[in-house]
Structures are given as structure tokens and as C-alpha cells.
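Have a look at the structure below before the remarks.
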């Protein structure tokens, strides 16, 4: 009976080591997936901020052109471009506020 229990114990240990090996491989795969998704999110966020920046730069250029008397730029074009840039900036600000709020909520969670 002692030999059988040792054999069973050895089998359990080998199964535990096998499971730990699979868990480590699964963890590495999960970490790689998280890293790639976070870089995708980072790229998406950077593109969004760059888009807002481009809208603001375009609004600035049109405003300067209108103020300098460029006849190809109308007041309506200038105001529409400025309004688009303002809306985009406000939306970006709201997204940032939601991120900060979510971060604070996560950080206040008990461990």
C-alpha cells in the first residue's frame, strides 16, 4: 500500500508541475496579448490627440489668414473650423476626465 501511495503522490506532483508549466505559458501568452492591446490603445489614443491637434492648427491657420486679409478664407470657414476644433477639444477633455475618474475609482478599490 505504501508503494501505491508513493506512486499516486509522484503522479500528483508530475501533474502539478505540468499544470504550473501550462499556467506559465498561458500567463506569458496573456501578457503578450495585453502588451499588444495596450500598444494598440496607445496608438489609437495618440492618433486621436494628433487629430485634435491638427484641427486646432488648421483653425489657427485659417484665423491668421483671415486676420491678414486673405480673400480666399471667409469668416464662415474660419468660424466653422474653429467650432470643429473646439468640439474636438471638448470631447478629448471629457474622455480624459473619464479616464482620470476611472483611475481614481480603481485606485480606491480595496485589495
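The values are calculated or read from the model by the stated rules, or taken from the named source; none is laboratory data. Because the structure is predicted, anything quoted here is derived from the model rather than measured. With ideal geometry, Cβ positions are generated from the backbone for all residues, glycine too; neighbour counts draw on all protein chains shown.
Some notes on this structure:
Residue by residue, here is whether (1) exposed (fewer than 10 other Cβ atoms within 10 Å of the Cβ); (2) at pLDDT 70 or above; (3) out of contact with any helix residue (DSSP H, G or I) (no Cβ under 9 Å at 6 or more places or on another chain) holds:
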position	(1), (2), (3)
20	no, no, yes
26	no, no, yes
30	no, no, yes
35	no, no, yes
40	no, yes, yes
49	no, yes, no
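- Test for residue 56: is it without any contact (Cβ under 8 Å) to a residue 60 or more places away in the chain, assigned to a helix (DSSP H, G or I) and exposed (fewer than 13 other Cβ atoms within 10 Å of the Cβ): no
- Residues that are under 18 Å from residue 52 (Cα atoms) and without any contact (Cβ under 8 Å) to a residue 12 or more places away in the chain, drawn from region 67-85: 79, 80, 83
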